[in-house]
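Asker: Here it is: the structure, laid out below.
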Amino acid sequence: MKKIALILAAALMGLAISCKKENQNDNGKTPSGGENTPIELNADVTAPEMNTDTQNTEVVNLTWNATTNMGTGARVNYSLLLDTKGGNLETAYEIPLGTAVTSYAFTAGALNTIIKEEFDVENGASIELDVVVYATIASEEVADVVSNRVTLTLTAFEPKASVLYMIGSATSAGWDLASAVEMSPIEGEDGGFTWSGELMGGELKFLTTKDGWVPSYNKGKDDEHLYYRDHLWDDPTTGERVDDEALPHVDTPDDKFIIAEQGNYKIVLNIDKLTITITKTGGPKYFSMYIFGSALSDSPVAMYRSGYAFFKGVVSNDGYFHFTADVNNNKDFYYAAGDGEDLSDHSVNQTSYTEWRLPVGYYKISLYAKEGKEAAYIVPFEPFSEMYLIGSACDAGWDIANALPMTAAGSGKFTWTGKLKEGELKFTCDKSTDWYGAWFMADEAGKTPTGEEETIIFLDKSRAETATMGIKELDQKWNISAAGTYEITLDQVKETIIIKKK
């Protein structure tokens, strides 16, 4: 609680009083003998209705008369002090109000927050709070003034959620509470939330906080209704709530919504009406793609996807290849539209069965799979002779001119050993000052290194096809979660990296 510097023990009497200052007489009057105007506090309700229906409604209105500065010209500041009934106000919760204020209204939600966070009142429990108005007068000649006490009887409740999160194996967060995906409130609709984006095949439910598994909104009687789960366990015999896991208990219903297949979806729900719709929308036709053929010794090679774009670096041993959306090469293909020899021809065909011929060498291969705009980009790759660290995790920060150089280790590899801080990290191949050069970055945003060999993705933002495929702004950094000395090995041919803390 916010502490008041002056001990107001005299206020225990519940009377409108003045608090003596250094230059005042013992009787609390000013040296000239004047007495200040007492403050009379009134409340229109002393036992307000507090629940989810009133949480955004003003349920208590406090009014009082102004006191004076007694002609001194000093500023008069008003505050409300809230303390347990009969408390001495020394550690009261204070709400500063400023000058010339003679009323204040509380919503049920505001009072609920105060009694739960400041007075540790649990849901369903009640507390009696004394409220006073405290007028601070910025003059040593004029006494501060404390009003009479008004006692409010307040009951804590579980408020209606103002934020909502998605969690589950169907979401990008998986079952990681800290990464739960926030939904957007629907303007003008109480209890309404919506979200649009990509979901995987898997389970889905909704949370009101990232701090725990309840309260949650789960699947109700069918796929169009929600079930509100406010606690985890019940007594197996009585069915009453259990909060101590050490006691006999059974789980409360925890049914999830099932997303049958990966795709783009729109979710609209209302936690007041307990209704939900999950609609599959447009978007990418394919969510995986592989490079398949004799050109690659380790065929098939999985490609990295961002939206409609797929890309991957490969080493060719002179052979042929095509694209397939199926890891077993059984369906959904992309072939060359022409004779397959001209790598500068970007057109594709799904039924020509003409493979591209890929001579010996290194290549960066991309496929844009947006329907009606499909294209393949097959670009010979010359490994860079330099590589640099950049980001808040290293001493260079985001000053690209001072990016930290790595040491060439042959065959397209680079190494670096040094101290890193907590922060972000990625790798620039050319220190392009407009930030649209060649980069190696994490294969997912905010990825924390494991210390083992992991995939890294290459993106040359200076090439025209990068903009055409809509991935020019892709910017995925590594997250260094612990400061220390690190060893880094980056292989730009294999597109792998090891970031290991020593």
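The values are calculated or read from the model by the stated rules, or taken from the named source; none is laboratory data. Quick caveat, the model's predicted, so the values are computed rather than measured. Glycine gets a Cβ as well: all are built from the backbone with ideal geometry, and neighbour counts include every protein chain shown.
Asker: Could you say which residue among T407, T354 is β-branched (V, I, T) and in the same structural domain as S316 (by TED's automatic domain parsing)?
Answerer: Of the residues listed, the single one that is β-branched (V, I, T) and in the same structural domain as S316 (by TED's automatic domain parsing) is T354.
Asker: Report the residue count in the range 319-335 for those that are hydrophobic (A, V, I, L, M, F, W, C) and touching a Leu at 6+ places or on another chain (Cβ under 9 Å).
Answerer: Of the residues in that region, 2 qualify.
Asker: Hey, another quick one. Out of (1) more than 19 Å from L367 (Cα to Cα); (2) of a type in the set (D, E, K, R); (3) without any contact (Cβ under 8 Å) to a residue 40 or more places away in the chain; (4) surrounded by 15 or more Cβ atoms within 10 Å (Cβ to Cβ), the odd one out for D434 is which?
Answerer: Tallying (1) more than 19 Å from L367 (Cα to Cα); (2) of a type in the set (D, E, K, R); (3) without any contact (Cβ under 8 Å) to a residue 40 or more places away in the chain; (4) surrounded by 15 or more Cβ atoms within 10 Å (Cβ to Cβ), D434 fails exactly one: (4).
Asker: Can you name every one of the strands (runs of 3 or more DSSP E) wholly within the range 272-334 that holds 3 or more residues which are at pLDDT 95 or above?
Answerer: 275-280, 290-292, 309-316, 319-324
Asker: Find the residue count for the range 33-67, including only residues that are hydroxyl-bearing (S, T, Y), out of contact with any helix residue (DSSP H, G or I) (no Cβ under 8 Å at 6 or more places or on another chain) and free of Cβ contacts under 8 Å to residues at least 60 places away in the same chain.
Answerer: Count: 1.
Asker: When the range 149-204 is examined, which residues are found to be among the charged types (D, E, K, R) and either under 21 Å from D272 (Cβ atoms) or in contact with a helix residue (DSSP H, G or I) (Cβ under 9 Å, 6 or more places away or on another chain) (or both)?
Answerer: Hits for the range 149-204 are R149, E158, K160, E182, E187, E189, D190.
Asker: Hey, can you tell me all the residues within the range 443-464 that are outside any loop (DSSP other than H, G, I, E, B), farther than 15 Å from M387 by Cβ and of a type outside the set (S, T, N, Q)?
Answerer: K447, E453, E454, A464
Asker: Let me ask something else. Among the residues of the range 370-428, write down those that are closer than 30 Å to N349 by Cβ and of a type in the set (S, T, Y).
Answerer: Y377
Asker: Looking only at the range 430-459, filter to residues that are of a type in the set (G, A, S) and within 11 Å of L474 (Cα to Cα); which one of those is modelled with the lowest pLDDT?
Answerer: A445
Asker: For the range 93-109, state whether one or more residues are in a loop (DSSP other than H, G, I, E, B), touching a residue at least 40 places away in the same chain (Cβ under 8 Å) and not assigned by TED's automatic domain parsing to the domain that holds H231.
Answerer: No - not one qualifying residue is present in the range 93-109.
Asker: What tally of residues in the range 157-176 results from selecting those that are closer than 24 Å to E122 by Cβ, modelled with pLDDT under 95 and hydrophobic (A, V, I, L, M, F, W, C)?
Answerer: Count: 3.
Asker: From the set of residues in the range 291-307 that are under 39 Å from the mean Cα position of the chain (by Cα) and of a type in the set (A, V, I, L, M), which is farthest from T455 (Cα to Cα)?
Answerer: I291
Asker: Do we find that V121 is assigned to a strand (DSSP E or B), farther than 30 Å from K285 by Cα and out of contact with any Gly (no Cβ under 7 Å at 6 or more places or on another chain) in this structure?
Answerer: Criteria not met by V121.
Asker: Could you check, for the range 308-320, whether at least one of its residues is within 32 Å of the chain's Cα centre (by Cα), under 30 Å from D223 (Cβ atoms) and surrounded by fewer than 22 Cβ atoms within 10 Å (Cβ to Cβ)?
Answerer: Yes, that holds for at least one residue.
Asker: (1) touching a helix residue (DSSP H, G or I) at 6+ places or on another chain (Cβ under 9 Å); (2) surrounded by fewer than 16 Cβ atoms within 10 Å (Cβ to Cβ): which one isn't true of G98, the others all being true?
Answerer: Tallying (1) touching a helix residue (DSSP H, G or I) at 6+ places or on another chain (Cβ under 9 Å); (2) surrounded by fewer than 16 Cβ atoms within 10 Å (Cβ to Cβ), G98 fails exactly one: (1).
Asker: Additional query: So is I167 among the β-branched types (V, I, T) and buried (at least 21 other Cβ atoms within 10 Å of the Cβ) or not?
Answerer: So I167 fits the description; yes.
Asker: Now, a different point. Give me the pairs, please: first residue somewhere in the range 218-245 and at pLDDT below 95, second residue anywhere and of a type in the set (K, R), beta-carbon distance under 6 Å, and either six or more positions apart or on two chains.
Answerer: Partner pairs satisfying both residue conditions: H231/R241.
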